[in-house]
Amino acid sequence: HGVGSPDGQETVLTVRIDESTEHLKTKKHDHVARRGLIQVVGKRKRLLKDLERKTFDAYKATVAKLGLRK
């Protein structure tokens, strides 16, 4: 799927979350980056919730592909 598709968006957001998390491990006092991370996590959560509601099979496949929800 393309970047505009829901699972494409979640993939992009997951990469950003991983990068921000690594950045914050060394820069613990970067509160602007922390706030941005919280916003991106919230956006991914909303997209996943919407995907789960609309097409559950696509939701399960996306969660498995991204390695979320252990």
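Taking the numbered list (1) modelled with pLDDT of 95 or more; (2) in a loop (DSSP other than H, G, I, E, B) in turn, K70 passes all entries but (1).
Considering only residues that are among the charged types (D, E, K, R) and open to solvent by less than 100 Å² (accessible area, probe 1.4 Å), look in the stretch 44-70 and name the one that is farthest from V3 (Cα to Cα). The qualifying residue farthest from V3 (Cα to Cα) is E52. Considering (1) in contact with a helix residue (DSSP H, G or I) (Cβ under 6 Å, 6 or more places away or on another chain); (2) open to solvent by 30 Å² or more (accessible area, probe 1.4 Å); (3) at pLDDT below 95; (4) on the phi < 0 side of the Ramachandran plot, the lone condition that R16 does not fulfil carries the number (3).
Open to solvent by 40 Å² or more (accessible area, probe 1.4 Å) and among the hydroxyl-bearing types (S, T, Y) - does that describe any residue in the stretch 26-36? Yes: one or more hits. Candidates in the stretch 9-30 are the residues that are assigned to a helix (DSSP H, G or I) and among the acidic types (D, E); of these, the one that is nearest to the chain's Cα centre (by Cα) is E10.
The values are calculated or read from the model by the stated rules, or taken from the named source; none is laboratory data. In this text, all values refer to a predicted model and were calculated from it rather than measured experimentally. Neighbour counts run over all protein chains shown; Cβ positions are idealised from the backbone, glycine included. Note: accessible area is taken over every heavy atom of the protein model, side chains too, but ligands, DNA and RNA are not part of it. Shrake-Rupley method; radii C 1.70, N 1.55, O 1.52, S 1.80 Å.
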